[in-house]
Every structure is written in structure tokens, then in C-alpha cells.
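Engineer: Just passing along the structure, written as C-alpha cells.
The values are calculated or read from the model by the stated rules, or taken from the named source; none is laboratory data. On a predicted model such as this, the values are computed, not experimentally measured, just so you know. Note that we place each Cβ from the backbone using ideal geometry, even for glycine, and neighbour counts take in every protein chain shown. Keep in mind that these areas ignore ligands, DNA and RNA; they rest on the heavy atoms of the full protein, side chains included. Shrake-Rupley method; radii C 1.70, N 1.55, O 1.52, S 1.80 Å.
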Amino acid sequence: MNRIALFLILFAFCCSLYAQKKDIAYYLPDNTYDSNITSPEDYLEHQVGEWHVSHDQLVAYMKVLAEQSDRISLETYARSYENRPLVLLTITSPANHKKIDQIRENHRKLSTSKAGAAMDTKAMPVIIYQGYSVHGNEASGANAALLYTYHLAAAKSSQVDKILENTVVLLDPCFNPDGMHRFAGWVNMHKSYNLVGDNESRELNEVWPGGRTNHYWFDLNRDWLLLAHPESRGRIRNFQKWKPNILTDHHEMGSNSTFFFQPGIPSRTNPNTPARNQELTQAIAEYHAKELDKIGSLYYTQESFDDFYYGKGSTYPDVQACVGILFEQASSRGHLHESTNGEFDFAFAIRNQLKTSLSTLQAGYELRKELLDYQKSFYQNALKEADKDAKKAYVFSSQYDPARLRHFIEILLQHDIEVYRANQSIKAEDLLFSKEGTYFVPTDQAQYKLIKGIFEKQTTFRDSLFYDVSAWTLPLAFNIPYAATSSLPGGSKVSLKDLPDPSFETLKSDYAYLFEWDNYYAPKALYQLQKHGLRTKVANQDFSAKTATGLEAFRRGTILIPVQNQLLTSEEIFKLVKKASDDNGIRFYSATSGLTPNGIDLGSPNFSKVKMPKVLLIVGEGVTSYDAGEVWHLMDQRYQIPITLVDVLDFFQADLEDYTVVVMVNGNYSKLGKSAEKLKTWVQSGGTLITMRSAVNWAKGLGLAHFTPKTNKSSSNNKGRRPYSKLSADRGADFIGGAIFEVKLDLTHPLAYGFRDETLPVFRKGTNFFELPKNRYAAPAIYTASPLLSGYISKKNLKTLSNSAAIITCRAGSGRVICLSDNPNFRAFWYGTNKLFANAIFFGNTINTGSMENVPMKKEK
């Protein structure tokens, strides 16, 4: 190769590198920066935006800044499932750092009744919580945090000094470490030095499940209220510790979009959010517009996104005297992207996120007094509203399942809601709550607005479209009886250490042990025994039995562990049973005889053998990763039952012989191809197939599930012309985006074991309705005649849903197919319906489906 050719190649290579690199002035204001503070470029050895930083690089740089700058302190507030640190930087003036605890305590007093009313906000700093990239593949936010933190640490500017004297910035550089790390690896490994923005590029199209979600494939931006994950629990500790005035949540959206900032769609603001919140949101928006106008970036407001669901990062603050702000930047997905707005690179996306971080800071500084006064008045007004509210407390209990009750109270306490243990029996809304195991939440407290958002049922709305779910009433999700009372009961305030944590004395038996299936962790306890080789059985009829503590009554679903003819000695079995009891807070009864005074004897054929489950979950392209992750999380984290994840493209080579259960969640399973016949053969040979939502239709198409879809029977869809502009809204209104309904259980059915009330709240999304089957024994859960409990559903969908089947069980050869019309594990907070899924795992193969085909049931005259 001659020298000229070599020079041209090197020149082209250098030009391609130069095209990617942006000078620091492209991003940051024209300031002088302290040379003793390491810049992102010097630390990374490349400019921000040239590569996607990994999470470990991000955290390491934040630690460097915290060491070098007296404006910054850093703490690790949580660990992700993959043990990555979540860090929070407190950024303010050095003088404020010296009295930071006093600043925080004084600020928190604004949210209390007596102390807050007397507070003078004139000299108080404003608290701004700025967070980035809760969706790991929306990485421009976290990368912008590098530059923003450097600016606050190193800028030698009197303006920055003034701002930090009057502001405490709580900076969370990445809400989702595991997802961000996963995504950075993907885009960096596929980056070309000659950048490619073609939409078909592998760099811009992640493989399943992508980097959006956390380790278990959950959307962490739906978990602010639900607190199912360590990332969220740590974040809410920070929020409640500080009670910020502004919270920002930096996201990305489709690449053909521009930039969005709130306010959102006015008609979809939650009615519990004060009007003043939206006024301040609009005032702050003026600062974002001004900053983006300077650099010519396009943007919009009051479209696409709403402020309704309090479980999102930008809406959770709105009900707590804080202004939550959502930013959505058009995503470059990788390092360059072609779009309808022209080609743009990662650096452009980062700059927009940085500019709105700076505009938020400026707005907080200039609107400091208004924000602090709003916070003060918010809580004063909330207490006045509570005083006028006829509902003085919400009362709740769970007599037979202290575990569910404990987890419910844990969530309330983490949201700084006061909870009391009742010292008397309480009657409310025709329900009688006995003193034992009853708790209540007074409405007359600072978190009155949030309490309403958690306990209220809402079925009427200004708008019929929702960006997310329309209902999340937590006691319904936990299947905990609750009611409002017009008088304040007597009781004592509880803390986390006061919560129910039952322990029982287990007596040794040489005959058998029994435990009931009510407790949330009963499946965990059962598997804990089975994995040691113990034979177990489940009762299919009620009975009473003689035990070491006397005569006890037992319900269907009770688990029997015989002592004799096991591989372990009676002493070894006793130790295992005692440990299972201690670990799970479950009472084990020591049976003294197999002859029972009432009902079936312990050797009855009405006790079915319960096999130790070996579960396979089909995952991969086409499968809804959220639903799959919810199954994985439930089995792995809560029940501690191993579950094998098999990719849909690898299913053809899986050896199914040892598996007892295969789970198919919502999704498109066309990628199974010819492997579908393999699965069909396995089911017909005795396997249990659990299908949810659209997977039910797939099973029907394969001839494994037998049911008839139930459809809207309107005479005509042509009722005159509609404006074209209404098309999207009309389609959206006909979809069930997420609401809560009531089903009626057949308590004698194995899928209903462990439930004591035949009515059960369930979550539903979508319009996959089932006709009642002709086989009257095959529908263990049916929607009631008036099923809506909370949320939005159109009138025609409500009519169709009424009296339809929620669950259908089918026989396929020697196997069973369980068809769930929706997802009982939704977002890991539907504790009340998890047992439906657990029962399908453990008892599915015991179901006697009858001999009749599951064709539609004829209506009785």
C-alpha cells in the first residue's frame, strides 16, 4: 500500500472519529471550571456521547466528584438484584453541607400540621430531586447526569454559588442500574466507527428482553407506589426522608418524536392532585421552553402523557406537595438515528436532557418561595380536607393470612403513612372486624391525599383514555377486607418492628403433620419440604382431625405430610417441618391418628398426591417480558422455587420429560414453529400447561384448550359518521387498559384452595373474554353480574365481561390446560391472586375436568 493511500485511509478514519466527538462547550454553559475537578472526558478518556457509559463507569465517576468537590456528598442507598449500587448525591453549598441534617429536618416540618404552620420559608433552601434513566435503555438521561454533576461540582460562577446556597439538589444518576448496564453493553458492542443510523441496524434493535427493565424484567417506573423491588424501596426512602419540592424523571420515547415536558393532558390529571400543582408545573415549563429555544430543539407539552397513575415517577410526587416533572427525549437508541425529524446522534439527546436539568435548577431557584409555600399550604389544606371528610379511618384485617397483611402495612409505612393496631372490635360498612389482627389508617394525617389515592375506588372519569392503568386500589390487590368508618377507632401506632410476624410451637408427631393453605407463603413451605424428598398430599374435602393440641377442623387444600414410609426418619422430618414453620410463619399441626371424627380420614383417596413441581417458563422473542418476569420473580424471590427459563427458539431441543408444568404468559408464540407439536404431545402425556391472556388463544389454536370467545353483540357498528380526529380516542376507550373486577370462585375447586371468600378482586387488562363452558365444573372463577370494582371499562365491554369465565380448565389427553383470561401476578403487587397461579402449579394435575367438552353453556330458561 502506498503512502498516499494510507494517508487517505487514516484521514477518513480520523474524520469519522471527529464527527462523533463534541466539545464540552456543545453541552455546558460558558463557565470557567475548576481544574482540580476531573472532567467526564478526562475520566472516561472520551467525550460524553461518544460511547454509552456503563453503570460502573457512571458510579465510579460520581465517587470521584464526591471526593474532589466540597459541594457533593455521596451515599449508596440500595443495591439492585445484580448487586449494583444505587447512589444518591447531595449537592449544595459547602456551608449548607455543614448543617445538612438541620436543613432536612426543618424542611420536613413543612409536612407536619402544627410545626409547618409556623414555619417561615423565606430563608429555606428548595429541595430538588433529579433522577435519570429509570428505563435502562433510555440512556441519554444517565449520560447527561455525568455532565450536570460535573457542572455543579466544578463551575466557578457566582450564579452557581447563589443557586447552591439556596438549593439542595438530590441527584440520582441512574434509577435502574441493571437495565442500563445491559443496554450499554448492547449498543457499544454493535457500534461502528463510521456511525450507522439506519433503523434496520442491529445496534438500534435490542434482542429480547432489552434494557428497559430491571433484572426480573419489571418496569421500575410503575413501581413507585407498589415498592416490589429494592431499587424502588430505596428511592422512596430518599423521597420520604427529604420531601422534595420538585422531582424530575428523565426518559426517552420513540425516535420520530421530539421532546416532551409536562404538564400532560389536562383532562387526565388525577382528581386528588391540587390545581396549584399544575400551575407550578406550567410555570416551570416556561424555563424548559426558554432553554430549549436557545438551542433550537423542538418540543411539546399537554399531549401523549398524563398525570393519573400515582405509581409513576412524575406523578407520585404530585400527591405529596411536590411537583413531579416527566421529560421524554426522542431516543437515538444507539449512537446515531435516522428519524422523520432528521438524523440525530446520542450527543444531541444528551444535550436536551442536560439543558432541562439546568432549566429545572434555575426554575427551582427562582420559584423557591412559591414552591416552599405551596408545600406548606398543601399539607395544611390536606388536613382541613381530612377534617371535613366523613371517612375518618380505613379499617382492614386479614385473619387467616398475616403475611399478606404484613406486606400491605409495610407498603403503607414506607410511604410515611401512619398505621394503628385496633384495640377494639370495629363495625364499618356492614363488616365486623374483630380486635385481633385488625389495623386502621386515620385519614386525619399529613398523607391524607395519598391515603385517598391508595384506598379509594373510582369508576367515573373525565376521560376514557389512560397512559397506564386506571385503578390500583391496594387493599383490593391484596384481597384484604377493608372499609371506611365515620368515627376514629382506638388503637396504638405501629412501626415496621411491630408488624405481625407469627411464630408457632411445632410438636413432634410419629403419624403425620398438617398445615392449611391460607398463608401467602404456604407454597414456599410446601416446596421447602418437597425438595428434601418428602411425600405430600392435598385434601380435596373438609375434615377434622385429632392433633397433639386437640381436635382441629381443616379445609380443602390442607397439606398432609405422612411420617411413615418416607425416606427420612421421624426426627429428620420433625426438624424440616419445624424449620418450614419458623421460616414461613405457618402453624403445623401434629396429627395423632388417621381416623377422623368428621369428614375424610387421613388415608382417604380424597387426598391427592402433590408432586414436587419442576416448572419451565417459555421466554424470548414474541413473549411479553413483563408477564414472564412477574412469574420468574414470584417463583424465585417469594416462593424460592427454581424455574427454568427456556427461549422460544431453543424449545425444540428442550427435554421435557422431567417437567411437570410449562407456563406460557401473554405473547406471540409463532416462533415455536414445529416445536408446538412437541409441547402438545407433552401435555397429552400428562403435563400441566398454564396459559395466560393471548397464550390461551394459542393453546386453543393448537387444539389443547377448548372454549368459545365471548364477543360484543352489538347489532351494528355503523351508527353514523365519526370525526377522523376521534379515531385513536375511540379505539383507546374500547380497550381495558387496567382495572379491577370481581369474580366468584368455586371454593371446592383445587384452583381456589386457600381462599375463604367466594368473591375475589382481580386485575384485568385487555378484551379476551370467555363464554361459560358447557362443562359446569370447568370454570372455577366467573365474573359476577356487576363485576366492576374500580377503574374504567366501556359500557359494552362491561356487558360482555359480566357473567363470563375468568378461568377455564381443560383436559388434553392425560394432561391439563389451565386458561387464565388475565395475569394473576401483575406487577408483583397482586398478592391476593398469586395463589391462583400457585394452585395451578401445585394442584393443576389433580383437577378432574369431567368428561364433557368445554363448549358454550346453554342459557337456562
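Engineer: Under 7 Å by Cβ, and 6 or more places apart or on different chains, what pairs join a residue from region 646-660 that is more than 15 Å from Val619 (Cβ to Cβ) and assigned to a loop (DSSP other than H, G, I, E, B) with one that is among the aromatic types (Phe, Trp, Tyr) and open to solvent by less than 100 Å² (accessible area, probe 1.4 Å)?
Structural biologist: From residues that are more than 15 Å from Val619 (Cβ to Cβ) and assigned to a loop (DSSP other than H, G, I, E, B), the pairs are Leu656/Trp682.
Engineer: Give the residues of region 553-567 that are under 14 Å from Lys537 (Cβ atoms) and either free of Cβ contacts under 8 Å to residues at least 60 places away in the same chain or outside any loop (DSSP other than H, G, I, E, B) (or both), sorted by residue number.
Structural biologist: Step one: filter region 553-567 for residues under 14 Å from Lys537 (Cβ atoms), giving 554, 556-566.
Of everything in region 553-567, those that are under 14 Å from Lys537 (Cβ atoms) and either free of Cβ contacts under 8 Å to residues at least 60 places away in the same chain or outside any loop (DSSP other than H, G, I, E, B) (or both) turn out to be Phe554, Thr558, Ile559, Leu560, Ile561, Pro562, Val563, Gln564, Asn565, Gln566.
Engineer: Given the condition in a loop (DSSP other than H, G, I, E, B) and buried (at least 17 other Cβ atoms within 10 Å of the Cβ), answer yes or no: does some residue in region 568-582 qualify?
Structural biologist: No, region 568-582 has no match at all.
Engineer: Say we look at region 639-655 and pick out the residues that are within 21 Å of Asn839 (Cα to Cα) and touching a helix residue (DSSP H, G or I) at 6+ places or on another chain (Cβ under 9 Å); which of these is most open to solvent (accessible area, probe 1.4 Å)?
Structural biologist: Gln640
Engineer: Hey, another quick one. Restricting attention to region 376-404, which residues are basic (Lys, Arg) and under 23 Å from Pro475 (Cα atoms)?
Structural biologist: Matches in region 376-404: Lys391, Lys392, Arg404.
Engineer: Further, regarding this structure: Pairs please, first residue from region 135-162 and on the phi > 0 side of the Ramachandran plot, second anywhere and in a helix (DSSP H, G or I) and not charged (D, E, K, R), Cβ atoms under 8 Å, 6+ apart in sequence or on different chains.
Structural biologist: That search, which allows pairs on different chains as well, returns nothing.
Engineer: Please verify whether Thr258 is touching a strand residue (DSSP E or B) at 6+ places or on another chain (Cβ under 9 Å) and more than 20 Å from Ser140 (Cβ to Cβ), treating the condition exactly as stated.
Structural biologist: No.
Engineer: Which pairs have Cβ atoms under 8 Å, sit 6 or more apart or on different chains, and link a residue in region 214-237 that is basic (Lys, Arg) to one that is part of a loop (DSSP other than H, G, I, E, B) and modelled with pLDDT of 95 or more?
Structural biologist: Arg233/Leu227; Arg235/Phe175; Arg235/Trp224
Engineer: Suppose the filter is more than 20 Å from Trp830 (Cβ to Cβ) and either modelled with pLDDT of 95 or more or β-branched (Val, Ile, Thr) (or both); does Leu704 pass it?
Structural biologist: Yes.
Engineer: Wholly within region 407-519, which strands (runs of 3 or more DSSP E) include no fewer than the required count, namely at least 1 residues that are open to solvent by less than 60 Å² (accessible area, probe 1.4 Å) and β-branched (Val, Ile, Thr)?
Structural biologist: It comes to 426-428, 438-442, 482-485.
Engineer: Somewhere in region 101-119, is a residue open to solvent by 10 Å² or more (accessible area, probe 1.4 Å), among the basic types (Lys, Arg) and touching a residue at least 60 places away in the same chain (Cβ under 8 Å)?
Structural biologist: The answer is yes; a qualifying residue exists.
Engineer: Looking at (1) open to solvent by 10 Å² or more (accessible area, probe 1.4 Å); (2) modelled with pLDDT of 95 or more; (3) under 26 Å from the mean Cα position of the chain (by Cα), which one does Ser304 not meet, given that it meets all the others?
Structural biologist: Condition (2) is where Ser304 drops out.
Engineer: Is it the case that some residue within region 326-340 is buried (at least 19 other Cβ atoms within 10 Å of the Cβ), part of a helix (DSSP H, G or I) and more than 26 Å from the chain's Cα centre (by Cα)?
Structural biologist: Filtering region 326-340 for residues buried (at least 19 other Cβ atoms within 10 Å of the Cβ) gives 326-337.
In the following step, the residues that additionally are part of a helix (DSSP H, G or I) were identified as none.
The answer is no, given that none of the residues of region 326-340 is buried (at least 19 other Cβ atoms within 10 Å of the Cβ), part of a helix (DSSP H, G or I) and more than 26 Å from the chain's Cα centre (by Cα).
Engineer: Can I ask one more? Filter region 341-394 down to the residues that are of a type in the set (Gly, Ala, Ser), part of a helix (DSSP H, G or I) and within 30 Å of Lys294 (Cβ to Cβ) and list them by number. I'd like the intermediate steps shown before the answer.
Structural biologist: Taking region 341-394 and keeping what is of a type in the set (Gly, Ala, Ser), we get 342, 347, 349, 357, 359, 363-364, 377, 382, 386, 390, 393.
Add one more test, that the residue is part of a helix (DSSP H, G or I), and what stays is 347, 349, 357, 359, 363-364, 377, 382, 386.
Listed by number, the residues that qualify are Ala347, Ala349, Ser357, Ser359, Ala363, Gly364.
Engineer: Let me ask something else about it. Please identify the pairs in which a residue from region 606-629 that is at positive phi has its Cβ atom under 8 Å from the Cβ atom of a residue that is basic (Lys, Arg), counting only partners at least 6 apart or on another chain.
Structural biologist: From residues that are at positive phi, the pairs are Gly620/Lys671; Gly622/Lys671.
Engineer: Check Leu226 against each of (1) in contact with a Gly (Cβ under 8 Å, 6 or more places away or on another chain); (2) crowded, with 24+ Cβ neighbours inside 10 Å; (3) farther than 30 Å from Thr340 by Cβ and name the one condition it does not meet.
Structural biologist: (2)
Engineer: When you scan region 614-621, do you find a residue that is touching a Ser or Thr at 6+ places or on another chain (Cβ under 7 Å), part of a strand (DSSP E or B), open to solvent by 20 Å² or more (accessible area, probe 1.4 Å) and not hydrophobic (A, V, I, L, M, F, W, C), even just one?
Structural biologist: No - not one qualifying residue is present in region 614-621.
Engineer: Another question about this same structure. Hey, any hits in region 532-555 for a residue that's among the polar types (S, T, N, Q) and closer than 29 Å to Ile409 by Cα?
Structural biologist: There is no residue in region 532-555 that is among the polar types (S, T, N, Q) and closer than 29 Å to Ile409 by Cα.
Engineer: Looking only at region 243-255, which residues are touching a strand residue (DSSP E or B) at 6+ places or on another chain (Cβ under 6 Å) and either open to solvent by less than 10 Å² (accessible area, probe 1.4 Å) or among the acidic types (Asp, Glu) (or both)?
Structural biologist: Pro244, Asn245, Ile246, Leu247, Thr248, Asp249, His250, His251, Glu252
Okay, residues lined up against (1) free of Cβ contacts under 8 Å to residues at least 40 places away in the same chain; (2) over 29 Å from Glu516 (Cα atoms); (3) open to solvent by 20 Å² or more (accessible area, probe 1.4 Å):
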{"residue": "Arg756", "(1), (2), (3)": "no, no, yes"}
{"residue": "Pro761", "(1), (2), (3)": "no, no, no"}
{"residue": "Glu771", "(1), (2), (3)": "no, yes, yes"}
{"residue": "Pro780", "(1), (2), (3)": "yes, no, no"}
{"residue": "Tyr783", "(1), (2), (3)": "no, no, no"}
{"residue": "Leu788", "(1), (2), (3)": "no, yes, yes"}
{"residue": "Gly791", "(1), (2), (3)": "no, yes, no"}
{"residue": "Lys795", "(1), (2), (3)": "yes, yes, yes"}
{"residue": "Lys799", "(1), (2), (3)": "no, yes, yes"}
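For every residue, the table says whether it meets (1) of a type outside the set (Gly, Ala, Ser); (2) farther than 27 Å from Pro481 by Cα.
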| position | (1), (2) |
| --- | --- |
| Gly754 | no, no |
| Asp757 | yes, no |
| Gly766 | no, no |
| Lys774 | yes, yes |
| Ala778 | no, yes |
| Ile782 | yes, no |
| Leu789 | yes, no |
| Ile793 | yes, no |
| Asn803 | yes, no |
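Engineer: Also, quick follow-up: Which condition from (1) under 25 Å from Leu227 (Cα atoms); (2) out of contact with any helix residue (DSSP H, G or I) (no Cβ under 6 Å at 6 or more places or on another chain); (3) at pLDDT below 95 is the one that Ser111 breaks?
Structural biologist: (2)
Engineer: Regarding Ala184, is this residue out of contact with any Ser or Thr (no Cβ under 7 Å at 6 or more places or on another chain) and not in a loop (DSSP other than H, G, I, E, B)?
Structural biologist: In short, no.
Engineer: Name the residue that is surrounded by the fewest Cβ atoms within 10 Å (Cβ to Cβ), counting only residues in region 674-699 that are more than 32 Å from the chain's Cα centre (by Cα) and without any contact (Cβ under 8 Å) to a residue 40 or more places away in the chain.
Structural biologist: Taking the candidates together, the pick is Lys674.
Engineer: While we're on this one: Pull up region 196-223, narrow it to residues that are of a type in the set (A, V, I, L, M, F, W, C), part of a loop (DSSP other than H, G, I, E, B) and crowded, with 21+ Cβ neighbours inside 10 Å, then point me to the one that is nearest to the chain's Cα centre (by Cα).
Structural biologist: Going through the qualifying residues, I end up with Phe218.
Engineer: A further question follows. Restricting to region 40-76, what's the tally of residues that are open to solvent by less than 20 Å² (accessible area, probe 1.4 Å) and either at positive phi or in contact with a strand residue (DSSP E or B) (Cβ under 8 Å, 6 or more places away or on another chain) (or both)?
Structural biologist: Residues flagged as open to solvent by less than 20 Å² (accessible area, probe 1.4 Å) and either at positive phi or in contact with a strand residue (DSSP E or B) (Cβ under 8 Å, 6 or more places away or on another chain) (or both) within region 40-76 amount to 5.
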